[in-house]
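Colleague: Have a look at this one.
The values are calculated or read from the model by the stated rules, or taken from the named source; none is laboratory data. Note that the structure is a prediction, hence the values are computed from the model and not measured. Cβ atoms come from the backbone with ideal geometry, glycine included; neighbour counts cover every protein chain shown. The area values use the complete protein model at the heavy-atom level, side chains included, leaving out ligands, DNA and RNA. Shrake-Rupley method; radii C 1.70, N 1.55, O 1.52, S 1.80 Å.
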Amino acid sequence: MSAALSSDASPQAPRIASGDLSSDLSITDIELRELLHLATEIKRNPTRFATTLRHRYLSLLFEKPSLRTRLTFELAIKQLGGDAVASIGPIGDREPTKDIARNLDRWTNAIVARTFLQSTIDELAEWSSVPVINALSDMYHPCQSFADLQTIKERFETLAGIKLCFVGDGNNVAHSLLLNGARMGMTVCVACPVGYEPNADVLAQATQFARQNGGAVSVTNDPLVGVRSSQVVYTDVWTSMGQESEAAERIRTFAPFQVNSDLMNAASREAIFLHCLPAKRGQEVTDAVIESPQSAVFDQAENRLHAQKALLLMLLA
Ligand code: CP
Ligand code: NVA
């Protein structure tokens, strides 16, 4: 814990040296640990930072729908003393993305962007003079993984040595869990159908993080093998936003990967169930599992607020 955080008199957040969160790779292992620690502090004492970001403004740019991410960023900045403005719709159609970045950075202190392509966030970050925060792209969902790790830490008091199995499509949510779980010393397994494995570069990077931090990373096409001895079973929709034309084929392909009571029973006895939400009950998860005492999905959703407050403080305070 940093000395600044132990003082109630002068609330100060540690800084993210890159000044940015365009992907999970923008933050270091140490900074991620500090972020999780700060998120816990904020959850415990939410009023402590109530004015720290006074007169700070966020631009929220969303190409895709959102409930949790958009509302928790709005609430987070408001509860820290600042405010947010939002623009919903395609980025780069009406004017070049690089021009959008150079408008928003004249008016606001950070840009929170949910895009179809990671390259759109990268371009915003290249041209913006203020931090750009990835609010979900085709490649990553870092803000989700921060809340996920906070939730796991609350349940098990530690992250190192905890085994998480992500059952489903090896894309954005799985990528951020692989990278950030591995750097916290977790064992992260992705159980997915053939052809839906995580990106090879992400896997290589996560493997390196795991080696450096005592964690492990693996991929299997057998969900029963994946969840064995897992303390966390995690899933996400089978059809991500933008993939709607593939929905019928995906429902067929992913059917054996449904998280149901049988699969939960194959995990560790103490296992919890996580889902980034929104969930399609009857597809990737049964109603019985998501409504069961093992389910921690609403703690996870709550922690989006606390973890993103920590992120905003580390970028803007
Ligand atoms: N989990 C998540 O990002 O939810 P939204 O799509 O509602 O923001
Ligand atoms: N994988 C999902 C996550 C939604 C929060 C999607 O990209 O639509």
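For every residue, the table says whether it meets (1) open to solvent by 60 Å² or more (accessible area, probe 1.4 Å); (2) without any contact (Cβ under 8 Å) to a residue 24 or more places away in the chain.
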{"position": "A206", "(1), (2)": "no, no"}
{"position": "Q231", "(1), (2)": "no, no"}
{"position": "Y234", "(1), (2)": "no, no"}
{"position": "R252", "(1), (2)": "yes, yes"}
{"position": "S261", "(1), (2)": "no, no"}
{"position": "L277", "(1), (2)": "no, no"}
{"position": "S295", "(1), (2)": "no, yes"}
{"position": "M314", "(1), (2)": "no, no"}
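Colleague: Could you figure out which of (1) farther than 20 Å from M264 by Cα; (2) surrounded by 22 or more Cβ atoms within 10 Å (Cβ to Cβ); (3) among the small types (G, A, S) isn't true of G226?
Modeller: Here G226 meets the rest and fails (1).
Colleague: Here is a further query. Checking the condition within 16 Å of ligand 2 (Cβ to nearest atom) and open to solvent by 10 Å² or more (accessible area, probe 1.4 Å), which residue from N199, N180, N213 passes?
Modeller: On the way: N180 fails: open to solvent by 10 Å² or more (accessible area, probe 1.4 Å); N213 fails: within 16 Å of ligand 2 (Cβ to nearest atom).
Of the residues listed, the single one that is within 16 Å of ligand 2 (Cβ to nearest atom) and open to solvent by 10 Å² or more (accessible area, probe 1.4 Å) is N199.
Colleague: Given the conditions (1) open to solvent by 10 Å² or more (accessible area, probe 1.4 Å); (2) over 27 Å from F298 (Cα atoms); (3) out of contact with any Phe, Trp or Tyr (no Cβ under 6 Å at 6 or more places or on another chain), and given that N109 satisfies all but one, which numbered condition is not satisfied?
Modeller: Every listed condition holds for N109 apart from (3).
Colleague: Hey, another quick one. With (1) farther than 21 Å from D222 by Cβ; (2) open to solvent by less than 30 Å² (accessible area, probe 1.4 Å); (3) in contact with a helix residue (DSSP H, G or I) (Cβ under 8 Å, 6 or more places away or on another chain) as the list, and D299 as the residue in question, which single condition is left unmet?
Modeller: Every listed condition holds for D299 apart from (2).
Colleague: Report yes if some residue within region 62-79 is closer than 18 Å to S128 by Cα and more than 16 Å from ligand 1 (Cβ to nearest atom); otherwise report no.
Modeller: No - not one qualifying residue is present in region 62-79.
Colleague: Okay, moving on. Look at region 52-68 and say how many of its residues are under 23 Å from N103 (Cα atoms) and outside any loop (DSSP other than H, G, I, E, B).
Modeller: Adding up the residues that qualify gives 6.
Colleague: Inspect region 157-166 for any residue being surrounded by fewer than 24 Cβ atoms within 10 Å (Cβ to Cβ), farther than 21 Å from K280 by Cβ and within 16 Å of the chain's Cα centre (by Cα) and give the result as yes or no. Outline the logic, then answer.
Modeller: Keep residues of region 157-166 that are surrounded by fewer than 24 Cβ atoms within 10 Å (Cβ to Cβ), which gives 157-163.
In the following step, the residues that additionally are farther than 21 Å from K280 by Cβ were identified as 157-163.
Still in the list and also within 16 Å of the chain's Cα centre (by Cα): 159.
Checked region 157-166: at least one residue is surrounded by fewer than 24 Cβ atoms within 10 Å (Cβ to Cβ), farther than 21 Å from K280 by Cβ and within 16 Å of the chain's Cα centre (by Cα).
Colleague: Test F49 against the criterion of being open to solvent by less than 60 Å² (accessible area, probe 1.4 Å) and either in contact with a Cys (Cβ under 9 Å, 6 or more places away or on another chain) or within 16 Å of ligand 1 (Cβ to nearest atom) (or both), and give yes or no.
Modeller: Values: open to solvent by less than 60 Å² (accessible area, probe 1.4 Å): yes; either in contact with a Cys (Cβ under 9 Å, 6 or more places away or on another chain) or within 16 Å of ligand 1 (Cβ to nearest atom) (or both): no.
So F49 fails the test.
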